[in-house]
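Participant: Can you keep this structure in mind? I'll have questions shortly.
Derivation of every value follows stated rules applied to the coordinates shown; laboratory data play no part. What you see is a predicted model, and the numbers here were worked out from it, not measured in a lab. A quick note on method: Cβ atoms are made from the backbone with ideal geometry, for glycine too, and the neighbour counts reach across all protein chains shown.
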Amino acid sequence: MKVGFVGLGNMGLPMAKHLQEAGHVLTVYNRTQAKAEPLVAKGAKLAQTPGDAAREAEVVFTMLADDKAMEEVLFAEDSLLEALAPGAIHVSSSTISVSLAQFLAESHAESRQGFVSAPVFGRPEAAQAKQLWVIAAGAREHMERCRPLLEAIGRGLTVLSEEAPAANVVKLSGNFLIASMIEALGEAFALARKAGVEPKTFLEVYQSVFAKSPIFERYASLIAGGQYEPPGFALRLGLKDMSLVLEAAGDAQVPMPLASLLRDNYLGGVARGMGELDWAALGALAAERAGLKKP
């Protein structure tokens, strides 16, 4: 299949690599062109604009940081939206707002194009190891055409409904769970450390008693070691996601006081210049509030 891929960051590059290894013909675009070199060396075509990546594609993926980046790719000069052929499909794997996902679905429908929202759960190392879990929603015929591509980038796929924004609701709900877990871990480690318990010792207890998920175990290890660089998912993006969670909650009239606390804590981290650390650095903020130094 002819596939375009826009956004070759820590997540997008390994996802595109898996598509290439599955035998699909890639045209790729990234603002920093050097990031595309591993794919181009194996036969991918380098696009000069998002439109170039989409123009001949049957399906084009986007993996971008936020709503602003998505809007620039979709609606700027020589955009993905204007270049994508009628009948072709845009697969958005970005974590974006529910409202933007709805707008994209409507915009593509007006242009007689398909739209599938397919955000993923997993850090960059999971993307590299093909261990992402894909959450997808969109029209049934579009989902079936994209299914081989979505299955090629991860270990599993959950198809939700024919309403594309449903996938973004689930993604934001999941990220809220992860952020809540990070905050709880950070506070627990800070309390144990303040009482004189070594982080490694508390981590051993955590792993023996509580750890049932690699997600929990990974973040506990990061907090125990104070290892927030390099970021698998930047703290500033945690702020973005908790803001999107609260936006969706407001639209649905769902009170989420913990989400408000998390948003404020992430905002505090960004204000302290921690935006490019891993979002697990909530643990560092919890330790700072307790008067502790980095372990």
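Participant: Could you pull out every one of the aspartates and glutamates with an alpha carbon less than 18 Å from that of K212, ignoring same-chain neighbours closer than 8 positions?
Facilitator: E183, E204
Participant: Let me ask another. Can you tell which of S208, S79, S260 shows the greatest fluctuation in a Gaussian network model of the chain with Cα springs below 10 Å?
Facilitator: Per the Cα network of the chain with a 10 Å cutoff, S208 tops the list.
Participant: Could you bin all the Cα-Cα distances of the stretch 244-285 into 10 Å bins starting at 0 and give me the percent of pairs in each, rounded to whole numbers?
Facilitator: Bin by bin from 0 Å, the calculated values are 28, 44, 25, 3.
Participant: Taking only Cα atoms and a 10 Å spring cutoff, compute GNM fluctuations for the chain and point out the largest among V159, V169, V120.
Facilitator: Among V159, V169, V120, the largest mean-square fluctuation in the Gaussian network model of the chain belongs to V159.
Participant: Additional query: Report the calculated FRET efficiency for E247 and Q207 (r = Cβ-Cβ distance, R0 = 30 Å), to the nearest 0.05.
Facilitator: With R0 = 30 Å, the Cβ-Cβ based efficiency is 0.25.
Participant: Still on this structure, I have one more. Which listed residue (L149, V197, A287) has the Cα farthest towards the positive end of the charge dipole for the chain, taking +1 on Lys and Arg C-beta and -1 on Asp and Glu C-beta about the Cα centre?
Facilitator: So the residue we want is V197.
Participant: Compute a Gaussian network model of the chain, connecting alpha carbons closer than 10 Å, and tell me which residue from A190, A252, A211 fluctuates the most.
Facilitator: A252
Participant: Okay, moving on. Placing +1 on the Cβ of each Lys and Arg and -1 on the Cβ of each Asp and Glu in the chain, which of A34, H24, Q227 has its Cα farthest towards the positive end of the resulting dipole?
Facilitator: Among A34, H24, Q227, the one farthest towards the positive end of the dipole of the chain is Q227.
Participant: Quick one: order E144, E163, E288 by neighbouring beta-carbon count within 10 Å, fewest to most.
Facilitator: Neighbour counts put them in this order, fewest first: E144, E163, E288.
Participant: As a quick test, which of the pairs K200/K293; K17/K68; K194/K293 have an alpha carbon distance above 18 angstrom in this structure?
Facilitator: Long pairs (Cα-Cα over 18 Å): K17/K68.
Participant: Still on this structure: Give the Rg (one decimal place) followed by the Dmax (whole number) of the chain, computed from C-alpha coordinates and expressed in Å.
Facilitator: So, for the chain, Rg and Dmax equal 19.9, 64 Å respectively.
Participant: Once you have the Cα-Cα distance between S161 and T32, take 0.36 nm times their residue separation minus that, and quote the gain in nm to one decimal.
Facilitator: Value of the extension gain: 42.9 nm.
Participant: Same structure, new question: Just the Cα atoms of the stretch 2-162: what Rg and Dmax do they give in Å?
Facilitator: Answer for the stretch 2-162, Rg first and Dmax second: 13.9, 38 Å.
Participant: With only Lys, Arg, Asp and Glu charged, each at its Cβ (+1 for the first two, -1 for the last two), find how big the charge dipole of the stretch 204-248 is about the Cα centre; round to the nearest 20 debye.
Facilitator: Working: 4 positive and 5 negative charges, 11 e Å.
The dipole magnitude comes to about 60 debye.
Participant: Now a separate question. Near L13, within a Cβ-to-Cβ distance under 14 Å, what is the net charge of the other residues, with Lys and Arg +1 and Asp and Glu -1?
Facilitator: Values: positive: K17, R31, K35, K42, R123, K130; negative: E21, E37, E125.
Net of charged neighbours comes to +3.
Participant: Next question, about the same structure. Cβ under 15 Å from G154's Cβ, G154 left aside: what net charge do those residues give with Lys, Arg +1 and Asp, Glu -1?
Facilitator: +3
Participant: In addition: Given all pairs of different Cα atoms, what value in angstroms does the Kirkwood hydrodynamic radius of the stretch 169-289 take?
Facilitator: Working: mean 1/r = 0.0690 Å⁻¹.
Over the stretch 169-289, the inverse of the mean reciprocal pair distance is 14.5 Å.
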